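Colleague: Take this structure first; my questions come after.
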Amino acid sequence: MKQTQLFESLSRSEYVAGVDEAGRGPLAGPVFAAAVVLDPDRPLLGLADSKKLSPAQRDVLADRIRHSALAWCVASASVEEIDELNILQATMLAMRRACDGLTLAVSAYLIDGNRIPHGLNGPAEAIVKGDSKVPAISAASILAKTARDAVCEALHEQYPVYDFARHKGYGTVLHRQRLAEFGPCPAHRKSFSPVRDALLLHKGVT
């Protein structure tokens, strides 16, 4: 793995948190983020971008991460915050909450993508495709993804007509068909154009 400038400036004794999000693209549900500080003396095998892992693999790794990491935190921004702030700012908010929730002081944050949340209490570096390059970011992507999937499973129980357990809120053909048929529910992001379009067809549905 190619070392970044931030990596090179830190000693082995300093704590570095990997940070990633899950759920920017879906039409429904909160956006999640996680921050993870891995233990360099307890490397985890099998870490990868969460999108490249099966649900079963993610669940196993998430359990291992929670038990072996030096610190971790999962946070979210609600559908209401997404609609009020926009999805980018809500994602940055979820990331900052995850970083703020860590139980130990870290020396730096490694953020997946090309943007850094404002207000972090330390230096940070954005790494494009970091979830496939940096183990701590891979771990964060797994925790964020599994947490969000669990919420979508709960949404499926609450609003079964949309089949959230299958598409996890993404704008699949099935999801858009159900939106057109039943209109949005409170879990839908009304600032997203497919949801707005469905609202126009189902006036009075909130």
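Colleague: Counting only complete DSSP H runs, which helices of the chain cover 18 Å or more along their long axis at the Cα atoms and score a mean Kyte-Doolittle of 0.0 or above?
Modeller: Membrane-span-like by this criterion, though nothing is claimed about a membrane: 87-100, 135-158.
Colleague: Given only helices, namely DSSP H runs of n ≥ 4 each adding -39500 (n - 2.57), what is the per-residue ellipticity at 222 nm of the chain, to the nearest 500 deg cm²/dmol?
Modeller: Only helices count here, giving -12500 deg cm²/dmol.
Colleague: Something else: Quantify, in whole percent, the carbon and sulfur part of the accessible surface of the chain (1.4 Å probe; protein heavy atoms only).
Modeller: After summing per-atom areas, the C and S share lands at 52 percent.
Colleague: May I ask you to derive the relative contact order of the chain, considering only C-alpha pairs under 8 Å and at least 6 residues apart, and to give it as an integer percent?
Modeller: Taking the mean separation of contacting Cα pairs over the length of the chain, I get 28 percent.
Colleague: With the cut-off at 26 Å, tell me which of the pairs Lys129/Lys168; Lys168/Lys190; Lys52/Lys190; Lys129/Lys190 have Cα atoms farther apart than that. List each step's numbers first, then the result.
Modeller: Working: Lys129/Lys168 22 Å; Lys168/Lys190 17 Å; Lys52/Lys190 29 Å; Lys129/Lys190 29 Å.
Violating the 26 Å limit, Cα to Cα: Lys52/Lys190; Lys129/Lys190.
Colleague: Further, regarding this structure: What's the local net charge at Phe192, with K and R +1, D and E -1, over the other residues with C-beta under 12 Å away? Working shown, then result.
Modeller: Values: positive: Arg24, Arg176, Arg189, Lys190, Arg196; negative: Asp83, Asp197.
Summing Lys and Arg as +1 and Asp and Glu as -1 gives +3.
Colleague: Count the net charge of all other residues whose Cβ sits under 9 Å from the Cβ of Ser68, scoring Lys and Arg as +1 and Asp and Glu as -1.
Modeller: It works out to a net charge of +2.
Colleague: Next question. Through the Karplus equation 6.51 cos²θ - 1.76 cosθ + 1.60, θ set to phi - 60°, convert the phi angles of segment 29-44 into ³J(HN,Hα) values in whole Hz; use x for Gly and Pro.
Modeller: Here the 3J(HN,Hα) series is x, x, 9, 10, 9, 9, 10, 9, 10, 7, 8, x, 8, 9, x, 9 Hz.
Colleague: Looking at (i) 24; (ii) 35; (iii) 16, which value of percent of Cα pairs over 30 Å apart comes from a calculation on the structure shown?
Modeller: (i)
Colleague: Using a probe radius of 1.4 Å on heavy atoms only, what accessible surface per residue do you get for the chain? Whole Å² is fine.
Modeller: Per residue, the chain has an accessible area of 50 Å².
Colleague: Give me the net charge of Pro160's neighbourhood, meaning all other residues with Cβ under 15 Å from the Cβ of Pro160; Lys, Arg count +1, Asp, Glu -1. Please list the in-between numbers first.
Modeller: On the way: positive: Arg166, Lys168, Arg178; negative: Glu153, Glu157, Asp163, Glu181.
Charge balance near Pro160 sits at -1.
The values are calculated or read from the model by the stated rules, or taken from the named source; none is laboratory data. Note that this is a predicted model, so its numbers are computed, not measured. We place every Cβ from the backbone using ideal geometry, glycine too, and count neighbours over all the protein chains shown. In case anyone asks, the SASA skips ligands and DNA or RNA and just uses the protein heavy atoms, side chains included. Shrake-Rupley method; radii C 1.70, N 1.55, O 1.52, S 1.80 Å.
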